[in-house]
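Shown next, in structure tokens, is the structure this report addresses.
What follows is calculated from the coordinates using simple rules that are stated; it is not laboratory data. Please read these numbers as outputs of a predicted model, since none were measured by experiment. Heads up, the Cβs are rebuilt from the backbone with ideal geometry, glycines too, and the neighbour counts pull from every protein chain shown.
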Amino acid sequence: MHFAGQVSDEELVAYYQVADLFLCASEHEGFCVPLVEAFHMRVPVLAYAASAVPATLDGGGVLYQDRDPGHVALLADAVLSDHALQERVLAAQDAALDRLVKKDFGGTLLSFVDQVARAPRIAPPKVTFDFWDQLAAYERLEELRMFRPGIYKGLPK
């Protein structure tokens, strides 16, 4: 496992080219473009079944619900050591990618934009006159709580 941080597009392609498996353990994903990138690069995907990940995979990859590291390691080993299983996973990913490519994303997006543009404007929420000052004070206190917790030890209970 290698944590690379932010990389260029060329480096990202190189990482996909040498990857044996793409593991997505995120609990909070929207569409999750890296899953589709892995499909495109024919890297087997193993992903935690949360948020929109199952919909993004659309029958491709391998979903898991048990987050125990030993369980995830066994799944990864199964996909990587069983060539027939790996080929079935990749075939399912190819089919999901084909379905995705056939979708009209431009038309769908324009439809949403048109719907929002035609909707009546809603009034902004009413907030107290000092809301932003209170929020800024909260953020300063939260930063102190996180990075200098010792200052709270002297406060009365």
- Message: If each DSSP helix of 4+ residues adds -39,500 (n - 2.57) and the sum is divided by the residues in the chain, what number results at 222 nm, nearest 500 deg cm²/dmol?
- Response: -17000 deg cm²/dmol
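Given a Förster radius of 30 Å and the C-beta distance between Leu155 and Phe129 as r, what FRET efficiency does 1/(1 + (r/R0)^6) yield to the nearest 0.05? Present the calculation step by step, with values, prior to reporting the outcome.
Working: r = 28 Å, r/R0 = 0.94.
Once rounded, the FRET efficiency stands at 0.60.
Compute the FRET efficiency between Val7 and Ser51 as 1/(1 + (r/R0)^6), taking r as their Cβ-Cβ distance and R0 = 22 Å, and round to the nearest 0.05.
Values: r = 24 Å, r/R0 = 1.09.
Once the sixth-power term is evaluated, E becomes 0.35.
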- Query: Using modelled backbone amide H atoms (1.01 Å from N, in-plane), which distant-in-sequence or interchain residues come within less than 5 Å of Val62's amide H?
  - Reply: Val45, Leu46, Ala47
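Quote the FRET efficiency, to the nearest 0.05, computed for Gln65 versus Leu85 with a Förster distance R0 of 25 Å and r equal to the Cβ-Cβ distance. Display every interim value, and only then the final one.
Values: r = 19 Å, r/R0 = 0.75.
Efficiency at R0 = 25 Å is approximately 0.85.
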- Folded to 0 to 90 degrees: helix 9-18 orientation relative to the chain principal axis, Cα: 50 degrees
- Task: Determine one quarter of the surface area of the Cα convex hull of the chain, which equals its mean projected area, and express it in nm² to one decimal.
- Result: 16.1 nm²
- Relative to the longest principal axis of the C-alpha atoms of the chain, give the angle of the C-alpha long axis of helix 105-118, reported between 0 and 90° and rounded to the nearest 10°. 30 degrees
- Helix 83-101 axis, angle to the chain major axis (alpha carbon atoms, nearest 10°): 60 degrees
- Message: Need the list of aspartates and glutamates near Lys102 for cross-linking: C-alpha distance under 14 angstrom, and skip anything on the same chain fewer than eight residues off.
- Response: Asp58, Asp94
- Sort 81-90, 17-26, 48-57, 101-110 for me by packing, meaning the mean count of neighbouring Cβ atoms within 10 Å per residue, highest on top. 48-57, 17-26, 81-90, 101-110
